[in-house]
Amino acid sequence: MMRSWAAIVVTAALFLPAVGQAKKTEDYRHSYDQVWRAAVRLIRVDQGYPIRDRDESIGYLLFDYKNDGRTYPGSLEVIRIEDQGGGPVRVVIQIPAMPGYIERMLLDKLQKKLVDEYGEPAPRKKPEEPKPPDEGEDEPSAAHRSL
């Protein structure tokens, strides 16, 4: 009996689609406020998708993606990542019931919207290389020698 249940579970796992696995991520060099505002306008105004919940302070919004008269739950996160190299902001979009190219399309539209509305972002700052010590720095100054 136990083996038959195990066979059913394994068979079902092979044929059921993986839900919640898909997500697309993109880093942007625009400010958090610019990305948040553009993302909300993209989802609600440009695409016309209803927003079910949102919180700017922690950077998420839940929306309903519409396709062929049906709606699918989606989420968008805006994450501050200033010190991680890719940009100051990372956006993660998930619409688990849809193919990944839908999420990619929305990220591409967000990139275009950011450039159209705010212009190209400032170039990424290069980390400063440490300066070599000046010659003679190892010797104490005259003020320190007199102590």
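Read-outs: derived from the displayed coordinates by stated rules, not from any lab. As the structure is a computational prediction, the values presented were derived from the model and not from experiment. Note that we place each Cβ from the backbone using ideal geometry, even for glycine, and neighbour counts take in every protein chain shown.
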* Would you mind classifying the range 30-79 by shape? Square roots of the alpha carbon gyration tensor eigenvalues, ordered a ≥ b ≥ c; an a/c under 1.5 is rounded, otherwise it is prolate if a/b is larger than b/c and oblate if not. => prolate
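Sort the range 19-118 into rounded, prolate or oblate with this rule: let a ≥ b ≥ c be the square roots of the eigenvalues of the Cα gyration tensor; rounded if a/c is under 1.5, and if a/c is not under 1.5, prolate when a/b is larger than b/c, oblate otherwise.
Details: a/c = 1.69, a/b = 1.48, b/c = 1.14.
Prolate shape, in that a/c is at least 1.5 and a/b is the bigger ratio.
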* Structure fact -> Spelling it out for TYR60: with amide H atoms placed in the peptide plane at 1.01 Å from N, the residues 5 or more places away or on another chain with amide H under 5 Å from its amide H are ASP55, VAL78
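What order do you get for 88-94, 67-73 when each peptide is scored by the mean count of other beta carbon atoms within 10 Å, highest first?
Values: 88-94: 21.3, 67-73: 10.0.
Highest-to-lowest ranking by the protection proxy: 88-94, 67-73.
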* To do: Quote the charge dipole size of the range 19-118 about the Cα centre in Debye, to the nearest 20; the model charges only the Cβ of Lys and Arg (+1) and of Asp and Glu (-1).
  => 260
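What list do you get for GLU26, GLU56, GLU82, GLU103 if you sort them by fewest beta carbons within 10 Å?
Details: GLU26 19, GLU56 13, GLU82 10, GLU103 23.
In order of increasing Cβ crowding within 10 Å: GLU82, GLU56, GLU26, GLU103.
If R0 is 22 Å, what FRET efficiency do you get for ILE58 and ASP27 from their C-beta distance, rounded to 0.05? Don't jump to the answer; show the numbers that get you there.
Details: r = 19 Å, r/R0 = 0.84.
After rounding to 0.05, the efficiency reads 0.75.
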